[in-house]
Amino acid sequence: MGNSFLVTTAIPDPGLQLLSDAGRVTVLPEPPDYGTLAALCASGEYDVVLTQLRDVMDAPLLADARVKGVSNFAVGYNNIDVEAATRHGILVGNTPGVLTDATADIAMLLILGTARRVVEADRLVRDGKFLGWEPELLLGRDVSGAVLGLAGFGRIARATARRALGFGMEVLFSPRPPGDRPVSYQELGEFAGKVRQVPWNELVARSDFLSLHVPLNDQTRHLVDAEVLGRMKPDAILINTARGPVVDESALAESLRNGTIAGAGLDVFEDEPRLAAGLAELPNTVLLPHVGSATVAVRSEMARLSALNAVAIAEGRTPPHPVNH
Ligand code: DGY
């Protein structure tokens, strides 16, 4: 019972229970700022720190950290400099798999919500402006028959493709934009003959809905910038459930304002929780507060997996979901 865990923000019970069965647990009362987190990690009091996406674990912090590992309560780990962690012998774990369907549900919700103008419609009713059925009230666009372009073709993109095919969409994908990586027939598995790989430029130009499913890294930061937005169809809609900085959000706000593209459904933002100037005032957007994985069952599973990773690292074992080795 000599293990000691630092939990930067309380996580659901199944995770906290597993941690307290395996050692001493400190849950911070509020999310730590960078300096506080750095000092706690350097204190030598904790074996493993269980982090959230907002906890920046960069190279200087990791260089001074006296921990065996970092267990991230997320599948993405762009908040952690994994190379630096590896250099300092710090293991990193994440929570893959359990949030795939929930996040794809949110991508589909954003596709439907932007296509059918759900936010404008809801507001109209609440504002008491619904005066009865009208032939031309809040006309949206059809999803069936529309082209969905998937940037990335990992777990969440595939789960989104599955849903979109059910809605009668034509699905195209580009597996590793902006570069190319041919995906073999075998790799396509259940999607063989149902979805088609195209180069990134073609994906951008042909998509009615362009949905982002790439990790955030040096290659994908601002993957969708003013130039890419300018090459999209004027009636296209951008969907982002991946990471905010994949999109140049100021350029997006401007493109939405001047009609370069028709709309956007966003669950993530470039500088969360802040939004680019003007974005919130635009009617042709559906904006969600990063809730892709926010179901009771999924967050419990994420808590369980992140705790299992933390306990394994503390006990000197390889975590069940390692990011580095
Ligand atoms: C993740 O896990 O990376 C999501 O963004 C939050 O659940």
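Quick rundown of the values:
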{"read-out": "One residue from 303, 297, 242 being outside any helix (DSSP H, G or I), within 15 Å of the ligand (Cβ to nearest atom) and within 18 Å of the chain's Cα centre (by Cα)", "value": "242"}
{"read-out": "Unique match (being outside any loop (DSSP other than H, G, I, E, B) and assigned by TED's automatic domain parsing to the domain that holds residue 216) among 153, 173", "value": "173"}
{"read-out": "Number of positions in segment 263-288 that are surrounded by fewer than 20 Cβ atoms within 10 Å (Cβ to Cβ) and either touching a Lys or Arg at 6+ places or on another chain (Cβ under 8 Å) or closer than 26 Å to residue 139 by Cα (or both)", "value": "9"}
{"read-out": "Criterion: without any contact (Cβ under 8 Å) to a residue 24 or more places away in the chain and of a type in the set (Asp, Glu) - qualifying residue of 208, 248, 180", "value": "180"}
{"read-out": "Unmet criterion (only one of (1) touching a residue at least 24 places away in the same chain (Cβ under 8 Å); (2) within 16 Å of the ligand (Cβ to nearest atom); (3) assigned to a loop (DSSP other than H, G, I, E, B)) for residue 235", "value": "(2)"}
{"read-out": "Members of segment 53-105 that are out of contact with any helix residue (DSSP H, G or I) (no Cβ under 9 Å at 6 or more places or on another chain) and more than 9 Å from the ligand (Cβ to nearest atom)", "value": "54, 79, 82, 86, 89"}
{"read-out": "Residue 280 in contact with a helix residue (DSSP H, G or I) (Cβ under 7 Å, 6 or more places away or on another chain), among the small types (Gly, Ala, Ser), farther than 19 Å from residue 72 by Cβ and outside the structural domain of residue 84 (by TED's automatic domain parsing)", "value": "no"}
{"read-out": "Selected residue (only one of 99, 110 is within 22 Å of residue 268 (Cα to Cα), in contact with a strand residue (DSSP E or B) (Cβ under 6 Å, 6 or more places away or on another chain) and either aliphatic (A, V, I, L, M) or not assigned by TED's automatic domain parsing to the domain that holds residue 262 (or both))", "value": "110"}
{"read-out": "Qualifying position, being at pLDDT below 95, over 21 Å from residue 264 (Cα atoms) and out of contact with any Phe, Trp or Tyr (no Cβ under 6 Å at 6 or more places or on another chain), among 126, 155, 176", "value": "176"}
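The values are calculated or read from the model by the stated rules, or taken from the named source; none is laboratory data. Bear in mind the structure is a predicted one, so any value in this text is a computation, not a measurement. Every residue, glycine as well, gets a Cβ built from its backbone with ideal geometry; the counts of neighbours run over all protein chains shown.
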